[in-house]
Amino acid sequence: MKVIGLALLLTLISGFAVADVEVYTIQEEDTLEKVAEEKYGDALLWFQLAKYNNISDPDLIKAGQKILILPEAELLTKINEWENLEARIGKLEKQLSRVLGSALEPLFEDNFEDDELGEKPQGWLFPSGGKWRISSFESRILEQTNRRAPNSAALVGEKEWSDYIAQVELRIAHSGETGVFAYWSTHHENYRLRTASRRTELEIAKRVPRGAKQYNTITLGKIPFRLEDGIWYIFKFEVTTHDSYTYLRGKVWQKGETEPGTWLLEASDHSSSRYGNGLAGVWTISIGTSYRDARFDNLKVFEVR
């Protein structure tokens, strides 16, 4: 999507005429603030100058580097035009993303309506304990109710699954964390989009083996995000495998609200221990005896093409 947007942006801005352009060579002691002050009498115009010259980090300019200096009025006009175009393209990208996402056929889907109440759902794996069962809550759901069960996982799919989105509706009640798995190979080898710090943060985490029976949890990315008690949310976790890295991104929103047009959290795993495939599923952990339950519904796995 970003490639399409950039190509369109470059096509559109190429039609704008450029007049009275000065080619300036950066000197040894120059900063963009200094150049903006000298050329425009306003050091604050360094930002527009950097954007016009496609300089992503103004601290990394070098002596001998050439930049373009436009008259101030024309510079401000062009930056305003570009920003308007970027906003329009971003809106179109979000709309297209929603259209493409809604058109995808699920690789796997389970709403638990065909499973027996009080039993575990057919075709699922439960490798790490917990009290999992089908319950009734407006519709049939998958529920974990053991207040003392640590790191409980429920999994579906094939170990060969790769390049997919795992999406699930979830709700947790009292003193616990929750999330969704991707690329699960073993209890000690997986990625997850999960809550952390008593549901005040959202993180992408990786679990790696440490010795025969232990593991380390590595945080690949984290943002502040409060998950309210007893509220249904939708977790969406995309993981794709590339030649030298695994790319992960996630978003979370309340059920019934509009899906965010952008991903809230993104991360890359470039390590030699990165994972390239595995099962999908859901995860929860109790924190103290006040934990009541975690509930899951409408798990979907979409192949990323």
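May I ask you to list the residues in the stretch 208-233 that are over 19 Å from residue 251 (Cα atoms) and of a type in the set (D, E, K, R)?
210, 213 - these are the residues of the stretch 208-233 that are over 19 Å from residue 251 (Cα atoms) and of a type in the set (D, E, K, R).
Determine, yes or no, whether residue 217 is polar (S, T, N, Q) and more than 18 Å from residue 151 (Cα to Cα). Full working, then the answer.
Values: polar (S, T, N, Q): yes; more than 18 Å from residue 151 (Cα to Cα): no.
The answer is no for residue 217.
Condition first: part of a strand (DSSP E or B) and either of a type in the set (A, V, I, L, M, F, W, C) or in contact with a helix residue (DSSP H, G or I) (Cβ under 7 Å, 6 or more places away or on another chain) (or both). Now tell me which residues in the stretch 191-212 satisfy that.
Applying the first criterion (part of a strand (DSSP E or B)) to the stretch 191-212 yields 191-196, 201-210.
Those that are part of a strand (DSSP E or B) and either of a type in the set (A, V, I, L, M, F, W, C) or in contact with a helix residue (DSSP H, G or I) (Cβ under 7 Å, 6 or more places away or on another chain) (or both): 193, 196, 202, 204, 205, 208.
Residue-wise test of (1) of a type outside the set (Gly, Ala, Ser); (2) crowded, with 17+ Cβ neighbours inside 10 Å; (3) over 28 Å from the mean Cα position of the chain (by Cα).
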site: 137; (1), (2), (3): yes, no, yes
site: 140; (1), (2), (3): yes, yes, yes
site: 148; (1), (2), (3): yes, no, yes
site: 151; (1), (2), (3): yes, no, no
site: 156; (1), (2), (3): yes, yes, no
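Go through the stretch 128-172 and count every residue that is outside any strand (DSSP E or B), within 14 Å of residue 294 (Cβ to Cβ) and small (Gly, Ala, Ser).
Residues flagged as outside any strand (DSSP E or B), within 14 Å of residue 294 (Cβ to Cβ) and small (Gly, Ala, Ser) within the stretch 128-172 amount to 4.
Can you confirm whether residue 299 is surrounded by 17 or more Cβ atoms within 10 Å (Cβ to Cβ), assigned by TED's automatic domain parsing to the domain that holds residue 201 and in a loop (DSSP other than H, G, I, E, B)? Full working, then the answer.
Values: surrounded by 17 or more Cβ atoms within 10 Å (Cβ to Cβ): yes; assigned by TED's automatic domain parsing to the domain that holds residue 201: yes; in a loop (DSSP other than H, G, I, E, B): no.
Taking the combined requirement at face value, the residue does not satisfy it.
So for the stretch 161-178 (the condition being of a type in the set (Gly, Ala, Ser) and free of Cβ contacts under 8 Å to residues at least 12 places away in the same chain), does at least one residue qualify? So that I can check it myself, show each step before the final result.
Applying the first criterion (of a type in the set (Gly, Ala, Ser)) to the stretch 161-178 yields 162, 166, 173, 175-176.
Of the ones still in play, those that are also free of Cβ contacts under 8 Å to residues at least 12 places away in the same chain are none.
No, the conditions are met nowhere in the stretch 161-178.
Give the number of residues within the stretch 250-272 that are within 17 Å of residue 163 (Cβ to Cβ) and aromatic (Phe, Trp, Tyr). Steps first, please.
If we filter the stretch 250-272 for residues that are within 17 Å of residue 163 (Cβ to Cβ), which is where we start, we get 250, 263, 266-269.
Retained after the next criterion (residues that are aromatic (Phe, Trp, Tyr)): 263.
Residues in the stretch 250-272 being within 17 Å of residue 163 (Cβ to Cβ) and aromatic (Phe, Trp, Tyr): 1 in total.
Inside the stretch 247-277, can you point out the residues that are of a type in the set (Gly, Ala, Ser) and within 18 Å of residue 220 (Cα to Cα)?
Residues of the stretch 247-277 that are of a type in the set (Gly, Ala, Ser), as a first pass: 250, 256, 261, 267-268, 271-273, 276.
250, 267, 268, 271, 272, 273, 276, listed by residue number.
Answer yes or no as to whether residue 192 is buried (at least 22 other Cβ atoms within 10 Å of the Cβ) and modelled with pLDDT of 95 or more. Reasoning before the result, please.
On the way: buried (at least 22 other Cβ atoms within 10 Å of the Cβ): yes; modelled with pLDDT of 95 or more: yes.
Spelling it out, residue 192 is indeed buried (at least 22 other Cβ atoms within 10 Å of the Cβ) and modelled with pLDDT of 95 or more.
Go through the stretch 252-282 and report how many residues are in contact with an Asp or Glu (Cβ under 7 Å, 6 or more places away or on another chain) and either under 24 Å from residue 199 (Cα atoms) or assigned by TED's automatic domain parsing to the domain that holds residue 89 (or both).
2
Can we say residue 285 is at pLDDT 95 or above and assigned by TED's automatic domain parsing to the domain that holds residue 143?
no
I want to confirm something. Restricting to the stretch 209-233 and keeping residues that are of a type in the set (A, V, I, L, M) and over 13 Å from the mean Cα position of the chain (by Cα), which single residue is surrounded by the fewest Cβ atoms within 10 Å (Cβ to Cβ)?
Within the stretch 209-233, the match that is surrounded by the fewest Cβ atoms within 10 Å (Cβ to Cβ) is 212.
Just the residues that are touching a Ser or Thr at 6+ places or on another chain (Cβ under 8 Å), surrounded by fewer than 23 Cβ atoms within 10 Å (Cβ to Cβ) and over 13 Å from residue 153 (Cβ atoms), please, taken from the stretch 166-188.
Correct list: 174, 175.
The values are calculated or read from the model by the stated rules, or taken from the named source; none is laboratory data. Please read all numbers here as calculations on a predicted model, not as lab measurements. Glycine also receives a Cβ, built like all others from the backbone with ideal geometry; neighbour counts cover every protein chain displayed.
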